[in-house]
Amino acid sequence: MAAEGGGKETNDIKTQFTTREGVYKLLTHSEYSRPNRVPFNSQGSNPVKVSFVNVNDQSGNGDRICFNVGRELYFYIYKGVRKAADLSKPIDKRIYKGTQPTCHDFNPITATAESVSLLVGFSAGQVQLIDPIKKETSKLFNEERLIDKSRVTCVRWVPGSESLFLVAHSSGAMYLYNVENTCGTAVPHYQLLKQGENYAVHTCKSKSGRNPLLRWTVGDGALNEFAFSPDGKFLACASQDGYLRVFGFDAAELHGTMKSYFGGLLCVCWSPDGRYIVAGGEDDLVSVWSFSDCRVIARGHGHKSWVSVVAFDHCTTSVDDGDPPAEFSGSDEDFYEQIHFSAGRDRANSAHSKLSKRNSTDSRPVSVTYRFGSVGQDTQLCLWDLTEDILFPHLPLSRTRTHTNVMSATSPPATGQNTTNTVSTSTTNPSGANGKDTVSNSSTGGNTPNSLPGTLPRSNSLPQSPNPAGGGSTPNSHTGSSNSSCSSNNNTAKGGSIIDSALIAAGVGKFATLSLYESRKERPEKDHKRVHSVGGVGSKSSDKLNQLSASRAAKGDTAKTLGTALCPLMEEVPLLEPLVCKKIAHERLTVLIFLEDCLVTACQEGFVCTWARPGKVGLLSSQNNPTNSPSGTVV
């Protein structure tokens, strides 16, 4: 880590960067890594991943960190910005033979100072449940690889459950497990539970309870990552076939889909209030998808290679729950209030979404600002702001109070501002309102309902050129497409008794009634042009080659979807520019986690770095980090 944040050399590694909130600084003494550095092939290894849990002890230092590097797995007390990391004292260290850890996840519900439940997925397909505090190995699932032989790509505890967890594989399958059940000694037999467009859910046929409870097959190619909504009721899946699919988890119903510009999708995350999903992948873009409208509302271009991780910053996200500003009156006020708060109001009012109230360089309050970040194989960290002018483009530009439009004040106003429009928005409530909220208001504004303004804005809270992205009017085909890409799935399971028995066995609750949207006729096919660079592939493993083959096979499908509601053209949606874009590592970045007083990144070299938020730099120990390593557990 050589240069300060202001260096001009392209190869300089930045140690600080500046945003509106202030300066974020890299804390070199808080760096976690392998205690004894032994050369290893970072290109051929599985991605370094990091998991956190808080054990709620009385010392005020309850954070614990787990990370994998090559064949090794480490578990430490995480001291963050308060004290220097002591690499000589991991609580637990494990070295695996014949397989490598690929992902892991703590159960926050059962975590205590005396015990934690950690799931670890492996490159050979197994999943292990361990307790690194007690240094115990509780169970090994899929031990004989009878359920799935492919690499585990993502493992997560089901939110709110002490025993259920979901595992995704590079085969494109997901499996629901119960820690109390065994896996059996024979290949499981499955019975169809529900199916729809490019997905199916099967239940395991067994006289006695055994794992897996359910098997999901989703899309074509690897299922790279999935994420539960904040309320745990919906599941977003990012697949190698380039599709984002969002399901109602209990009902196993498809809520909506999105297609990447090209290539596979590698990562996905939800906004803290569950209203938006951001996905990234091999098109070098970040795509913002509206849960209620089931459509892409913005894309961000800042990376020069594949985007590997996207994450929302709940501490800098602001959803103001105060009264609407005085400038909004009549039907506009009703429309504004309903759109902001009808879906997930309770979550929007939570502490996570109220920690930051001022997000504008001109010191004026902004009612809605979402901050999210991304890291990629180009070794760059990007921070993005998602503001009102992007979220609500149908409102007159003069009424959206963001710095983007302040900078564009000299541009001609949108035409047709005296036209009276009727705006009807169907909102499926991710917080469990069963999709019954419907808002219908008359809005006196300058744009067609659900259409984009005449000039597509670039969203960036730093000063910039006022020239809009795309350089022209919004195509008419985009008008009225807010609900067009929500899938309508009327497929029912064969046999009600199968559904009931599967749900009882899985313990995932009753089927929910979701309001699904009708799909729109696709526009005529258009040729697909590749307009963004794709960087070099870091890993040369067989999994990566398989993913590339699947990506090439999906080219024909990409050409069919490009220009439709599933995948609008670049000029049809606003283009975000990064608030910050800095090179912070030598190897590809694989981790980005936002914490209350810092953000954490990790690269394929095995460096887990802590970046202190502005004003959060603690008094770090000036002592050098010891390099003596205790003997590890060989598994």
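Points to keep in mind about this one:
- Note on the range 562-618: among residues that are of a type in the set (Asp, Glu) and closer than 22 Å to residue 300 by Cβ, the one that is surrounded by the fewest Cβ atoms within 10 Å (Cβ to Cβ) is 571.
- Consider the range 157-175 and keep the residues that are of a type outside the set (Phe, Trp, Tyr) and over 23 Å from residue 195 (Cβ atoms). The one that is most open to solvent (accessible area, probe 1.4 Å) is 162.
- Each residue in the range 198-218 was checked for being over 16 Å from residue 264 (Cα atoms) and not in a strand (DSSP E or B), and 7 pass.
- Qualifying residues in the range 176-201 (those that are touching a residue at least 40 places away in the same chain (Cβ under 8 Å) and small (Gly, Ala, Ser)) - the one least open to solvent (accessible area, probe 1.4 Å): 196
- All of (1) buried (at least 17 other Cβ atoms within 10 Å of the Cβ); (2) touching a Lys or Arg at 6+ places or on another chain (Cβ under 9 Å); (3) not hydrophobic (A, V, I, L, M, F, W, C) hold for residue 150 with one exception: (2).
- Failed item in (1) at pLDDT 95 or above; (2) closer than 24 Å to residue 260 by Cβ, with residue 598 passing the rest: (2)
- Candidates 274, 221, filtered to the one that is assigned to a loop (DSSP other than H, G, I, E, B), open to solvent by 10 Å² or more (accessible area, probe 1.4 Å) and either closer than 27 Å to residue 308 by Cα or of a type in the set (A, V, I, L, M, F, W, C) (or both): 221
- With respect to the conditions (1) assigned to a loop (DSSP other than H, G, I, E, B); (2) surrounded by fewer than 20 Cβ atoms within 10 Å (Cβ to Cβ); (3) not aliphatic (A, V, I, L, M), residue 90 lacks only one, and its number is (2).
The values are calculated or read from the model by the stated rules, or taken from the named source; none is laboratory data. Just so it is clear, the model here is predicted, and its values are computed rather than measured. All Cβ positions, glycine included, derive from the backbone under ideal geometry; neighbour counts span all protein chains shown. Surface accessibility is based on the protein's heavy atoms, side chains included, excluding ligands, DNA and RNA. Shrake-Rupley method; radii C 1.70, N 1.55, O 1.52, S 1.80 Å.
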